[in-house]
Amino acid sequence: MKNRILFIVLILIVSTLLGVFVFQSSFRPYSLGLDISGGTLLVYQADLNTIKSPDYSSAMAGLKDVIERRINYSGVKEPRVEINKAGDNWRLIVSLAGIKDIKEAIKMIGGTPYLEFKESRSEKEIEAILDAQKKEEQIDIDTYFKSTSLTGKYLERADLGFDQNTSLPVVDLQFNSEGTKIFAELTKNNVGKPLAIYLDGTPISAPVVREEIASGRAQISGDFTLPEAKQLVARLNQGALPVPIALISQQTVGSILGEESLMKILKAGIIGLIAVIIFMIIFYQIPGLIASLSLIIYIVISLSIFKVIPITLTLAGITGFILSIGMTVDANILIFEYAKEEKKLGKTIGPALEEGFLKSWPAIRDSNISTIISAIILYYFTSSMIRGFSLTLAIGVGIGLLTAIFITKLFLEVIYLKK
């Protein structure tokens, strides 16, 4: 009994400290979604002309990964990057909560360069393109170089170096194992010919290949200043884009509507919580009061987890959390109703509650696990808005299961069971 009382005291102390943490914004603010805090919404069109159609999905997944790493490196919390396919167009939708400056947002995305290597065209191809250009055909085609499969996708790292002859800064590139094979084959087929290096669609240098290069190392040289070379190295190491992208839409999202909706949701949640507590106390007396105390502890623990991880809270996510509160109360109601049935059979309140916990556990377990499974499925197979709802719902239900079964039971054991 003493151990249980000490454990209860510890729970109350920890819950109080967590409560201070939850409601004290100076410690660590909540991460709020774009629909609440406002921010910037950018839509990019991906250019997949150099990619084979079966590889579109993997190329876009790689692009999404690079953009996320680039934004995370810039310090933006929980960026939302989504792949969208509309007909034959592949787009990347980037939501940056809290970033109101569109120029700053564009700089975060556009700061990652698109690196590619191009081999020289044959004289026959060049003549055909020049003739077509005279007739105002194929004007946008590179006249002297054509794209290859070697891009920044295969870059392992970039390092700052200096040219031995001019002492000017250069950028040394090291490709991964797959890129090394492609580079070796590319240099083997272009001995004595120039191999152009393009950065963001602009030719940087076009060194002549003297021999096959099997080491997987290349070099970018140009009229770089030292700060420019350092910046280029940093940008390449943050992730080179596997495919080029073009900004087609930009929008600043205001937070006024989100704040109004948030206040309405919080108001509804508080009213609902008070109503539930009153209901529990009226119908179940002291067990209902204990369940209400456990419910408050559950809310504090959940909000603390949302703050620590941190989980980006959207309007849908907050709705999911409020819904999980109802499921937590439902578990306690099931326990108490079973206990009532046992009391009708002549048992005292202590043994009746103990039997109530035992008989209700399978139903509580199965219903909560099925809800968590549904939330996981929603998280992995739906859009970001539904993901926020499913994530907070799953976390809330999981924590609610623990508080309803263990914390409520611990309190009731001390009061009624007296073992």
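Nothing in this text is a laboratory measurement; each read-out follows from the coordinates by a stated rule. Note that the structure is predicted; figures quoted are calculated from it, not measured. Here the Cβ is made from the backbone with ideal geometry for all residues, glycine too, and neighbour counts use every protein chain on show.
Worth a mention:
- For Ile99, distant residues with modelled amide H under 5 Å away: Thr40
- The chain - Rg and Dmax from Cα coordinates, angstrom: 30.6, 101
- For the range 277-419, the residue among Ser292, Thr319, Ala363 whose Cα projects farthest onto the positive side of the dipole built from Cβ charges is Ser292.
- Cα-based reach from Lys340 at 22 Å (exclusive), listing lysines while leaving out same-chain residues under 8 positions away: Lys359, Lys409, Lys418, Lys419
- Taking amide H as placed 1.01 Å from N in the peptide plane, the amide H of Arg121 sits under 5 Å from that of Phe145, Lys146, each at least 5 places away or on another chain.
- Excluding exposed DSSP-loop GluC sites (Glu not before Pro) (at most 15 other C-beta within 10 Å), longest clean stretch of the chain: 213-419
- If you take all other residues with their beta carbon under 9 Å from the beta carbon of Lys146, and give Lys and Arg +1 and Asp and Glu -1, the sum is -1.
- Residue order, fewest to most surrounding Cβ atoms within 10 angstrom, among Ser215, Ser37: Ser215, Ser37
- The helix-based estimate of mean residue ellipticity at 222 nm for the chain, built from -39,500 (n - 2.57) per DSSP H run of four or more residues and divided by its residue count, is -19000 deg cm²/dmol to the nearest 500.
- Applied to the range 94-105, the Karplus parametrisation 6.51 cos²θ - 1.76 cosθ + 1.60 on θ = phi - 60° returns per-residue 3J(HN,Hα) values of 10, 10, 10, 5, x, 9, 9, 8, 4, 4, 5, 5 Hz, with x for Gly and Pro.
- The fraction of Cα-Cα pairs per 10 angstrom bin, counted from 0 for the range 125-206, comes to 14, 36, 33, 14, 3 percent, rounded to whole percents.
- Partners for Lys343 among aspartates and glutamates (Cα-Cα distance below 19 Å; same-chain residues under 8 apart left out): Glu354, Glu355, Glu413
- Each residue of the range 342-354 was assigned a 3J(HN,Hα) from its phi angle through the Karplus expression (A = 6.51, B = -1.76, C = 1.60, θ = phi - 60°), giving 5, 5, 5, 7, x, 7, 6, 4, x, x, 5, 5, 4 Hz with x at Gly and Pro.
- Rounded to 10°, Cα long-axis angle of helix 177-189 versus longest principal axis of the chain: 10
- Least to most buried among Ile71, Ile51 (fewest other Cβ within 10 Å first): Ile51, Ile71
- Per-residue HN-Hα couplings for the range 301-314 [Karplus 6.51, -1.76, 1.60; θ = phi - 60°; Hz; x = Gly/Pro]: 4, 4, 4, 5, 5, 4, 7, 6, 4, x, 9, 6, 8, 9
- Rounded to 10°, Cα long-axis angle of helix 226-238 versus longest principal axis of the chain: 50
- Listed by chain and number, the lysines whose C-alpha is less than 27 Å from the C-alpha of Lys64, apart from same-chain residues fewer than 8 away, are Lys52, Lys77, Lys85, Lys100, Lys103, Lys107, Lys118, Lys146, Lys153, Lys181, Lys230, Lys307.
- Relative counts (whole %) of C-alpha pair distances in the range 222-372, using bins that are 10 Å wide: 9, 24, 23, 15, 11, 9, 6, 3, 1, 0
- Trypsin sites (Lys or Arg not before Pro) lying in DSSP loop within the range 151-236, provided at most 15 other Cβ fall within 10 Å: Arg210
- Evaluated at q = 0.08, 0.15, 0.17 Å⁻¹: base-10 log I(q)/I(0), Debye formula over Cα of the range 39-252: -0.32, -1.06, -1.26
- Taking only the Cα atoms of the range 150-250, the ratio Rg/Rh comes out at 0.98, with Rh defined as the Kirkwood radius.
- Exposure proxy ranking for Met60, Met327, Met263, based on other Cβ atoms within 10 angstrom of each Cβ and starting from the fewest, stands as Met263, Met327, Met60.
- Neighbourhood charge, 10 Å Cβ-Cβ cut-off, centred on Gly192 and excluding it, Lys, Arg +1 and Asp, Glu -1: +1
- Long-range HN-HN contacts of Val209 with modeled amide H, under 5 Å: Gly192, Lys193, Leu195
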